[in-house]
1. Here are a few candidate values for Cα extents along the principal axes in Å: (i) 76, 38, 38; (ii) 64, 50, 48; (iii) 58, 44, 37. Which one was actually calculated from the structure I just gave you?
2. Run down the lysines and flag those whose C-alpha is under 25 Å from the C-alpha of Lys269, throwing out any fewer than 8 positions away in its chain.
3. What order do you get for Ser182, Ser256 when you list them from fewest to most C-beta neighbours inside 10 Å?
4. From the Cα gyration tensor of the range 52-160, with a ≥ b ≥ c the square roots of its eigenvalues, which class applies: rounded if a/c is under 1.5, or else prolate if a/b is larger than b/c, or else oblate?
5. Determine, for each peptide in 169-175, 75-81, 3-9, the mean count of other beta carbons within 10 angstrom over its residues, then list the peptides with the highest first.
6. Order 258-267, 82-91, 114-123 from most to least packed using the mean count of other Cβ atoms within 10 Å.
7. Aspartates and glutamates within cross-link reach of Lys4: Cα-Cα under 13 Å, excluding same-chain residues under 8 positions apart?
8. Points 7 angstrom from Cα along the Cβ direction at Ala151 and Leu198: gap in nanometres?
Amino acid sequence: MSKKTKENITQALARLEGFIADRNFYEALQIYDFVFKRYNSDGEPEKADDIAKAGALVFIENNEFTNATTLAIQLIESLETRSEITDGERAMIKEITDAMTEKIGDNAKPLVDLLKVAVRWSAGGDASGRGGDPALNAALGAAHARRGHLADACRHYCHAAPADMPAYAALLRRYLALGYASEADAFAARAVLHLLALRRPEAATALAAALQGDGWSLGQPVWHAAAFLAALCGLEGPLERYQTAFKLAQDRYDASLRRDPELCKYVHKIGRTYFNVTPPEGAEENDLFSNIMKMLAS
């Protein structure tokens, strides 16, 4: 870095303190932006990271959440240009998102905007969050729930850690209260089987336990099918040895599962994934037909 650049940064940081003291956060953001970009362009990414993180935390402390989000997203976009994600980078982003989660109110749009970018970054560009950081997915799920966007919240809790499944169960209970109470068993079964289809048996087992322990009155065959499959998929060792048990369960609960094409689709995928069981002839075509009909009806 040239002497002139160092002088410019020093002078900018000196002005920054005054802007913050005067609560002139617009000018403060311009300074943070200038210093961040200067450090990056001069090949000092660690210093750039530090100034962006510090700025985001200052803005959060002063309830300037939009400015904090702007700066934090710039930081994440810079991290996206690097070869791989480090534990230190994950911790840095989590520190920012945790601080905003604690401070922001129910109108959490800036937090949602930030977490969407953070989840996509942690998932290697996949906006759905699949394969992304479980803690960030849980935080985004909670932020969506605070804004009342329950479907979006569910989509990200699917990729959260098993320890976050009680929160997911509470979210599903809230969803049911919107008018699906009579379908509690199918609703709960669908959530558990979805996790199994995503190859997340530990999370599915944790969710099943949370649903059963959260005061839900679950006793219909369709729920028993989901709970049994969660337990079966959670067993250790080669699961092919439990192929017969899977087939017996599939036969026993066939009538209940067939009421919901989505459940059948999940069970067929679970059979292939865990037990090397090929779906019955025509089953996949029926799943495809059901999906097409849903699209036409929407």
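1. Given (i) 76, 38, 38; (ii) 64, 50, 48; (iii) 58, 44, 37, the structure-derived one carries the label (i).
2. Lys247, Lys294
3. On the way: Ser182 9, Ser256 19.
Lowest count first: Ser182, Ser256.
4. Values: a/c = 1.93, a/b = 1.02, b/c = 1.89.
Because a/c hits 1.5 or more and a/b fails to exceed b/c, the range 52-160 counts as oblate.
5. Numbers: 169-175: 18.7, 75-81: 16.3, 3-9: 12.0.
By packing density, highest mean first, the sequence is 169-175, 75-81, 3-9.
6. Working: 258-267: 19.2, 82-91: 10.7, 114-123: 23.3.
Descending packing order for the listed peptides: 114-123, 258-267, 82-91.
7. Correct list for Lys4: Asp42.
8. 1.7
Read-outs: derived from the displayed coordinates by stated rules, not from any lab. Everything numeric in this text was worked out from a predicted model, so none of it was measured. Because the Cβ atoms are built from the backbone with ideal geometry, glycine has one as well, and the counts that use them run over all protein chains shown.
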